[in-house]
1. Give the residues of region 34-52 that are assigned to a helix (DSSP H, G or I) and exposed (fewer than 11 other Cβ atoms within 10 Å of the Cβ), sorted by residue number.
2. Any idea which of (1) of a type in the set (A, V, I, L, M); (2) touching a Phe, Trp or Tyr at 6+ places or on another chain (Cβ under 7 Å); (3) under 17 Å from F175 (Cβ atoms) is the one A214 doesn't satisfy?
3. Name the single residue that is modelled with the highest pLDDT among those in region 80-105 being of a type in the set (V, I, T) and assigned to a strand (DSSP E or B).
4. Within region 125-163, work out how many residues are modelled with pLDDT of 85 or more and part of a strand (DSSP E or B).
5. Kindly indicate the residue of region 222-261 that is in contact with a helix residue (DSSP H, G or I) (Cβ under 6 Å, 6 or more places away or on another chain) and under 30 Å from E201 (Cα atoms) and also surrounded by the fewest Cβ atoms within 10 Å (Cβ to Cβ) among those meeting that condition.
6. Any idea which of (1) of a type outside the set (S, T, N, Q); (2) within 30 Å of R144 (Cβ to Cβ); (3) free of Cβ contacts under 8 Å to residues at least 60 places away in the same chain is the one Y216 doesn't satisfy?
7. Which one of these is farther than 30 Å from L297 by Cα and touching a strand residue (DSSP E or B) at 6+ places or on another chain (Cβ under 8 Å): D48, D67?
8. Tell me which residues, restricted to region 55-69, are surrounded by 18 or more Cβ atoms within 10 Å (Cβ to Cβ) and not basic (K, R).
Amino acid sequence: MKLFNLELIKNKGVIIGLSTFLMIFSLIGILYSTFYSSYKKPINLGMDFVGGNELRIERICQEECSDVSPDSILENLRVVSKNKNLTNNVKLQLQNNNKLLSIRTPFLSIDESNNLISNFEETIGPLNYDSKNSRLIGPKLGKRLLINCVTSLLVSLAAISLYITIRFDKKYALFALLALFHDLLIVFGIFSWLGIIFSVEVNSLFAVSLLTIAGYSVNDTVVIFDRIRENLRIRKEGYNETIELSVNESFRRTTFTSITTLIPLITLIFFGSYSLFWFSISLSIGIIIGSYSSIFLAPSLLLKD
């Protein structure tokens, strides 16, 4: 007895309409981020790519640290600081229940760094200097890392395209690649919107997540396409009915694989370190979108009108 019966033939228009909406939504975010955001890029690149200084230092709190917003801290910082140009370019995040300050700035001298910490201490209260940790990434290194990430993504997509083309005929290969492009575009677009609304920055782990999503999505699509191709050879039902049947036969396997993959990612989101938070978010979104495109979108594109 089947618990689910996915009616692809009946809902083809809804599936393609939903995917079209998500892609347009993502494109609007990318275009808005490129032309109207303060950083003028398709996505808010973090320090890994643009370079700069990052300083991490803990507050000294008796019990729980007071809940304050980064914007209010920066406003007070501009009042007490003498270097207005510097404070205008400071980015601040509060982590670990408002105890840990993550301060990102352009390149600073030792004196500028010390003055900035003193200003923060005057603004937010005593700081634990023993916890101070800083790192520096030069602009050339950041640019090289960005180029390497883009290159690795393009090479992997080219290899995936070649594999799918060899594995399937042109029609199957085209629709599998369209589903892959759909997945990556939506994840990229969502993070463009996150950068616009919440100032979320992406680092090198985001590029890793895109590569992982690409491999995962293609694997799911290949499994379902293999089942479709096999059933078209041996079954006597109509073309569209055989595709729908094949998807229903593969549904449980694909869904359970996605759920077991999401469980550790959800654990990382709630209990992992902050450095892995957005990496886990991007992977989780990609797996959900990738499973959707493999089960619904790619087979729907194969259906005949």
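1. The answer is F35, and nothing else.
2. If we test A214 against (1) of a type in the set (A, V, I, L, M); (2) touching a Phe, Trp or Tyr at 6+ places or on another chain (Cβ under 7 Å); (3) under 17 Å from F175 (Cβ atoms), just (2) comes out false.
3. Within region 80-105, the match that is modelled with the highest pLDDT is I103.
4. 7
5. The qualifying residue surrounded by the fewest Cβ atoms within 10 Å (Cβ to Cβ) is T261.
6. Y216 satisfies every listed condition except (3).
7. Answer to the check: D48.
8. Within region 55-69, L55, I57, E58, C65 qualify.
The values are calculated or read from the model by the stated rules, or taken from the named source; none is laboratory data. Please read these numbers as outputs of a predicted model, since none were measured by experiment. Every residue, glycine as well, gets a Cβ built from its backbone with ideal geometry; the counts of neighbours run over all protein chains shown.
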